[in-house]
Amino acid sequence: MMDLFLSNTLSGKKERFVPIQEGKVSFYLCGVTVYDVCHIGHARAYVAFDTIRRYLTHLGYQVKFIQNFTDIDDKIIKKANEVDLPVNDITSKYIEAYFNDMRALNIKDATAYPHATHYVSQMIEIIEKLIDKGHAYVAGGDVCFSVPSFKDYGKLSKKILEDLIAGSRVDISHSKQNPMDFVLWKSAKPGEPSWPSPWGDGRPGWHIECSAMVLHELGETIDIHAGGADLVFPHHENEIAQSECLTGKPLAKYWLHNGFVTIQSEKMSKSLKNIISIQEILKRVSGDVLRFYLLKAHYKTPLHFSYEGLEEAQNAYQRLVDTIKNNPESNHSQLPEESIQKEVVDLEAKFHKAMCDDFNSAEAIGYLFELTKIINSTGHFHNILKNSGQLLGLFSQSILEDDVFSKEVLQLVEDRAKAKAQKEFAKSDTIRNQLIEVHGVTIEDTPSGSRLKRIRRTTAS
RNA sequence: GGCGGCGUAGCCAAGUGGUAAGGCCGAGGUCUGCAAAACCUCUAUCCCCAGUUCGAAUCUGGGCGCCGCCUCCA
């Protein structure tokens, strides 16, 4: 097996991947808080880690991939109040929307999708233990985690506790002993969803759910814990604090974080009203194209989203797809000369080397284009392109299937062929224009007959 | 203020010491009745300055510009 290297936020370095248990990978990905539809930022994160998960599987690892749903939270309650619906209706609606979006992006299902609300008793158990160990304290109906009680606090985000307090914008809550302390258990206000606990009715704080689900689904120390760059602090830092104070063991060996999607160099945010949902994108391009667009850049670098970029991706991706479709494997004709065969083997090796170098899909895709030239020149090796792309979650079967055209279109094609055969070129050209303008179909003449292609429109704006 | 990241052709984007992948767009060519597709050719010395080195986009120092985190956030 080729050595795999990945960027670990914890060490700040690229490290060789060595799983805790040979041949197996325990992988936890922070999922969505289900109070709204997913946007491009979500798409990027989930495409990135889906690709990583697929590649680990390709390398032969048995990957247990867990992704949670945060289905209890302030924002959900707020949303429920706004639209005057029960919390459950909100969460089930957006969970369904989540799966629709992910299917469009060809994201594989996780091994399991634990819901926070199903782990409340486990969270209470953890909180009790943290209180016993002196890492948490009861303050009214709340329970807070004592940040100064964990000497390694800040090791993931490289923050120094004193600096955090000095520049703190956190409300100095009366119940907190230290401004950096965070809530493990929140007492319920009237009308809010709540669960009974030793500290009265209430609900869990945000971070504790992941600690509980990681522990119960995967164990005390896992191989990979992943999420968006914005989760490094405070979410993952707090998870580490809770879990490591509880078990005395490292929570995760490797921490992976994807870079942000920005719009016109600004982070997407509700206040700037520049959030673009996945559904919005899918009105313009297929999920495959969006996936390709995201994979064209390395997952850790910032990505400046633009419709122009999306259009470019559409054109580039179409070329790859056409190359596969136009060059069906022919097993009777002779293979090209050895130097070309060697080049192909070489490109395939480079593809995998790039993927093993912190999942550099951008570089890897570059080799696919070089391969494309060889395929179009020789008519061979289309399977290598197809299989490599499919490792990245591209070229799903439906994309590679032939377009279906109406009888009307097929009749026009036949008419054009007849006109051409009789050298009535004015007529054949008229029909061709009609196909393009009226039916959105282009026609390509090849030695073995005409090839039809549906025009994919992407509107830049 | 603290921490982190980024600045490579018109645009997108790889490349972390050995002389700039790849894509989109554009130009010219081959093929074609003409096209389309495909193929071929062409388009950068890497934000600026100084330094280390036989050699730097890549390392060091100093600038300039942009962004993120430090508050909910993929």
Check: Near the amide H of residue A:268, under 5 Å away, which other amide H atoms are found, from residues 5 or more places off or on another chain, if H is placed in the peptide plane?
Finding: A:263
Margin query: Please list, ordered by chain and number, the residues whose modelled amide H lies under 5 Å from the amide H of residue A:142; skip anything fewer than 5 residues away on the same chain.
Written below: A:187
Item checked: Distance between the stretch A:243-321 and the stretch A:50-119 - C-alpha centres, whole angstrom -> 17
Notebook entry, point to check: Quick one: A:445, A:403, fewest Cβ neighbours within 10 Å first, how do they rank?
Noted result: A:403, A:445
Next item on the list: Averaged over every viewing direction, what's the projected area of the C-alpha convex hull for the stretch A:137-258? Give it in nm², one decimal, please.
Entry: 8.2
Check: Measuring from the lowest to the highest alpha carbon on each principal axis, how far does the stretch A:326-461 reach, largest first, in angstroms?
Finding: 54, 44, 23
Item checked: Positive-end residue of A:385, A:124, A:434, charge dipole of chain A with Cβ unit charges -> A:434
Check: In the stretch A:280-400, what is the count of Lys pairs whose alpha carbons are under 20 Å apart, counting only pairs at least 8 residues apart or on separate chains?
Finding: 15
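Using the 10 angstrom Cβ neighbour count as an exposure proxy, how do A:292, A:369 rank, fewest first? If you can, show how the numbers build up before the last one.
Values: A:292 27, A:369 14.
With the fewest neighbours first, A:292, A:369 line up as A:369, A:292.
What are the equivalent ellipsoid semi-axes of chain A, built from the alpha-carbon gyration tensor (square roots of five times its eigenvalues), in whole angstrom, biggest first? Before the final figure, lay out the partial values.
On the way: eigenvalues 509, 138, 61 Å².
Gyration-tensor ellipsoid for chain A: 50, 26, 17 Å.
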Check: Treating the beta-carbon of each Lys and Arg as +1 and of each Asp and Glu as -1, no other charges, what is the dipole magnitude of chain A about its Cα centre, to the nearest 20 debye?
Finding: 660
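Quote the convex hull volume per residue of the stretch A:407-454, based on C-alpha atoms, as a whole number of Å³.
On the way: hull volume 3.0 nm³, N = 48.
Per residue, the Cα convex hull of the stretch A:407-454 comes to 63 Å³.
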Next item on the list: Set Lys and Arg Cβ to +1 and Asp and Glu Cβ to -1, take the dipole of the stretch A:21-71 about its Cα centre, and tell me which of A:39, A:61, A:49 lies farthest positive.
Entry: A:61
Check: Amide H neighbours of residue A:219 under 5 Å, counting only residues 5+ apart in sequence or on other chains, H built in-plane at 1.01 Å?
Finding: none
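The numbers here are math on the coordinates, done by the rules we state, and not lab data. Keep in mind that what you see is a predicted model, and the values were worked out from it rather than measured. Methodologically, a virtual Cβ is constructed for each residue, glycine included, from the backbone with ideal geometry; neighbour enumeration extends over all protein chains shown.
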